[in-house]
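The values are calculated or read from the model by the stated rules, or taken from the named source; none is laboratory data. Source: prediction; values computed, not measured. FYI the Cβ positions are ideal-geometry reconstructions off the backbone, even for glycines, and counts take in every protein chain you see.
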Amino acid sequence: MIDELYDSLYKELTGWCTAMTGSRTLAEDLVQEAFLRALINAGLLEELDAAKRRAWMYRTVKNLYIDRKRREALETMVEQMPEEGFEDAEYVWVDDAQLMEVLTPEERLLFTLRYLEGYNSAELGRMFGLPPGTVRSKLSGARSRLRRSLGERGF
């Protein structure tokens, strides 16, 4: 099944991904990684019809590209950070940890996955079996609680 998928989609995905990324080499890397994911998820893919398999592959390539761009942006941001002030990084981490303590464990997890890991409310809803609106509501409550806590600390 994976061989058939590869034969039917490799050139198409590589062309689309090249247009998206502007780099043939990067496109080939992303498509190869998507096919590795397809191998890992072969059981799931066998249950899908051809159109859904194709959509799964396109979505996987797109998500891999987005993940790579996020990682590059984070690495660039870290490289551009000034050297001074890193001695206080421990204290900032402690402040952040104390601030997060005002949240319930569920809110803390949702907040971390949404704002630090980059998942959207629909993805979080699927992970936790919640409607996306409920996820957004819980995140709104968490942000309000954090704002109040920051206000109490004089920030």
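For the structure I just gave you, tell me whether residue 29 is over 26 Å from residue 69 (Cα atoms) and either of a type outside the set (Ser, Thr, Tyr) or assigned by TED's automatic domain parsing to the domain that holds residue 67 (or both). Break it down stepwise before answering.
On the way: over 26 Å from residue 69 (Cα atoms): no; either of a type outside the set (Ser, Thr, Tyr) or assigned by TED's automatic domain parsing to the domain that holds residue 67 (or both): yes.
Against the criterion (over 26 Å from residue 69 (Cα atoms) and either of a type outside the set (Ser, Thr, Tyr) or assigned by TED's automatic domain parsing to the domain that holds residue 67 (or both)), residue 29 does not qualify.
May I ask you to list the residues in region 100-135 that are under 15 Å from the mean Cα position of the chain (by Cα), part of a helix (DSSP H, G or I) and among the charged types (D, E, K, R)? Answer for region 100-135, where residues must be under 15 Å from the mean Cα position of the chain (by Cα), part of a helix (DSSP H, G or I) and among the charged types (D, E, K, R): 114, 123, 126.
Give me the helices (runs of 4 or more DSSP H) completely within region 18-81, filtered to those with at least 1 residues that are surrounded by 11 or more Cβ atoms within 10 Å (Cβ to Cβ) and either of a type in the set (Lys, Arg) or under 16 Å from the mean Cα position of the chain (by Cα) (or both), ordered by residue number. Full working, then the answer.
Details: elements: 24-40, 42-47, 50-80.
Once the helices (runs of 4 or more DSSP H) in region 18-81 are filtered for at least 1 residues that are surrounded by 11 or more Cβ atoms within 10 Å (Cβ to Cβ) and either of a type in the set (Lys, Arg) or under 16 Å from the mean Cα position of the chain (by Cα) (or both), what remains is 24-40, 50-80.
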